[in-house]
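> Questions regarding the structure given below will be posed in turn.
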């Protein structure tokens, strides 16, 4: 940010005028906005070299700073911190800068790197839920951030299209004569199958048997499986 460079440059100039060398000012953002937008402990760091009380040195540095473009107020706080309050015009300028070019914030720090982001990962035969939405939002955000910094981005999304959750759904589709071509029916079937698996030992045995049969491309189950998978995807 240009204002940060301007403040740092002004601090270096003030230290030079006071004959203080070998101390490079560092800026931080105060945790409490009442203490300004930027703060530096350079007076505390340089006090020993200057053989001056930190607070007195901070006052001398502030006096040497004069007017810093973009800063509305400079004040001394605590044992010798120098706080900078930015002007309203500085924020207006910054927002205008952000809104104008579409590539604002982009860079090349990840240039040459290949990064794969895996996210969402919904399972066929089950409905989307809030966890998938969260994973999708985070994964897509990270993917775009990576791309904005020059990385070659690969997005990965794995579907668990085999396993007990499929068997539970197919068992209920058969038992309740539900339609595998309707996503609403798939959602109902999964809930019915999951509940039965936990509460009914007979149903649990039947679902486990279906789960084994699914790995053998069972001719009876295949039409239900294919329709349910296609509907889910």
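> Could you tell me whether residue 175 is assigned by TED's automatic domain parsing to the domain that holds residue 110, over 30 Å from residue 103 (Cβ atoms) and out of contact with any strand residue (DSSP E or B) (no Cβ under 9 Å at 6 or more places or on another chain)?
The answer is no for residue 175.
> Only residues that are at pLDDT 95 or above, within 41 Å of the chain's Cα centre (by Cα) and surrounded by 12 or more Cβ atoms within 10 Å (Cβ to Cβ): list them for segment 187-203, please.
Those that are at pLDDT 95 or above, within 41 Å of the chain's Cα centre (by Cα) and surrounded by 12 or more Cβ atoms within 10 Å (Cβ to Cβ): 188, 189, 190, 191, 192, 193, 194, 195, 196, 197.
> Tally time: how many residues in segment 3-18 are touching a residue at least 12 places away in the same chain (Cβ under 8 Å) and closer than 15 Å to residue 97 by Cβ?
3
> A further question on this structure: Quick check on this structure: which one of 114, 55 is out of contact with any helix residue (DSSP H, G or I) (no Cβ under 7 Å at 6 or more places or on another chain) and assigned by TED's automatic domain parsing to the domain that holds residue 146?
Only one candidate qualifies: 114.
> Only one residue in 167, 151 is in contact with a strand residue (DSSP E or B) (Cβ under 6 Å, 6 or more places away or on another chain), under 30 Å from residue 139 (Cβ atoms) and surrounded by 15 or more Cβ atoms within 10 Å (Cβ to Cβ). Which one?
Just a single option satisfies the conditions, and that option is 151.
> Can you tell me which residue within segment 204-233, out of those that are farther than 11 Å from residue 171 by Cβ and outside any helix (DSSP H, G or I), is modelled with the lowest pLDDT?
Filtering segment 204-233 for residues that are farther than 11 Å from residue 171 by Cβ and outside any helix (DSSP H, G or I), the one modelled with the lowest pLDDT comes out as 217.
> Restricting segment 22-35 to residues that are more than 27 Å from the chain's Cα centre (by Cα) and in contact (Cβ under 8 Å) with a residue 24 or more places away in the chain, which is nearest to residue 75 (Cα to Cα)?
Only one residue fits best here, namely 35.
The values are calculated or read from the model by the stated rules, or taken from the named source; none is laboratory data. As the structure is a computational prediction, the values presented were derived from the model and not from experiment. Using ideal geometry, Cβ is built from the backbone for each residue, glycine included, and neighbour counts are taken over all protein chains shown.
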